[in-house]
Amino acid sequence: MNKSGMPIIAWALAGLLAIAAGLITLGQQDNQANPEVQSFGPSGVSAFAELLRKTGVEVAVNQQSKPKLGKNDIAVAFTITSPSDNVFGAMGERKEDRFDSYFWEYIKSGGSGIVIPLGKDYLEASRSTQNSPFTVVHDLATGESFKVTTGGQIGASTSEPSDVDAVQMELWNDGSEPFVRAYRLGKGTALMVRDGIGVTNRFIDKQDNAKAFSSLLAILGKSHKRVVFTEASFGNVHDLGLLETIGPWANAAWQQLIVFGLVVVFTLGRRFGLPEERRMAQRGSRELLDAVADTYKRAGSAQTALATASASADLDLRHVLKLPKDASRSERDRLIPVSLQNALAKLQVASEYPRVSEDHALELIVKAQAELDEFIGPNRAKLRSLAKLRS
């Protein structure tokens, strides 16, 4: 608990609530229009797509610049415009032009489509609806009227078809201006809406928006037709690569091949089988004695080193000569050369002195070890035979 008396966990929860509130606030407004079917934001059209599905309409989403559309498909193309564009105006040079030309070729070949524009500044367009919540539009064929939300910030949805043989017809108007036009081009028909803000998630449940935009589909065809949202119309382009064009199995096979390659690279750097045995170099008694002597030298224990070296040499000789532990020193000395006797005697005497220099002690130990190695080495087999005869 801090000085204010509020638990730390309470502060943490308050911080999380503040962050959640901020995210919710950000999610409630879209500055720029983004009419994606998968978007649940204000400018998305997921609610409209779900409404169509619940009424039995098959809905699909395509993000290719040249989508594969069937004769029974209705292509829904949203476009992003600015107020400076002319309503139903001429074509401009945009990155979506590839889709525009393909769209009108599809219509000319006998397809059906709806072009729905949205103002680029979605936040400003939403605010403008407060001054005029709806516009009454009239179906000139049936006389039916709809209250449709309009943003007042709309420009051109897309260009009119450039084909001079295109026949246009006004279907809906608001009493002074057309709201929906139909274009008959070749064997197909396309509808162009003046303002599509009413179809977005924020306004689809307001006024008669849902009913009005659903009625547009009924104008083009029967209910069994498939509705395809072609998101390349507003720049959301994702053209399929070679593997995706072949099929999902090809993309899956490629990913598995990449994983297999990574496994191969990893396994080539690893050794399989039994682990290698690390053979340590065998150390002799000489190295051990030198190490012990050096340790004693650094510790300033010359007498201890001398006594230890003498006892170790005596133990080695008794082991090699097969002498019992209670055998006397004179009995041991009868079996070893005089030089080794003298070296061991000096070790013994020096270990009993009250003070011996480190250098002198090391010299005596090294001399005794050298004599011991010289005696034991060539005479080991002979000494074993002698010990057997003595026994």
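Each value in this text was obtained by applying a stated rule to the coordinates, not by laboratory testing. Quick caveat: nothing in here was measured; it's all calculated off a predicted structure. Glycine gets a Cβ as well: all are built from the backbone with ideal geometry, and neighbour counts include every protein chain shown.
Among the residues of region 173-200, those identified as surrounded by fewer than 19 Cβ atoms within 10 Å (Cβ to Cβ) and either out of contact with any strand residue (DSSP E or B) (no Cβ under 7 Å at 6 or more places or on another chain) or part of a loop (DSSP other than H, G, I, E, B) (or both) are D174, G175, S176, E177, G186, K187. Against the conditions (1) closer than 17 Å to V57 by Cβ; (2) touching a Lys or Arg at 6+ places or on another chain (Cβ under 9 Å), where does M192 fall short? Just the number, please. Checking M192 against (1) closer than 17 Å to V57 by Cβ; (2) touching a Lys or Arg at 6+ places or on another chain (Cβ under 9 Å), the one that fails is (1). Within region 53-76, which residues are more than 25 Å from K187 (Cβ to Cβ), over 32 Å from the mean Cα position of the chain (by Cα) and outside any loop (DSSP other than H, G, I, E, B)? Selection gives R53, K54.
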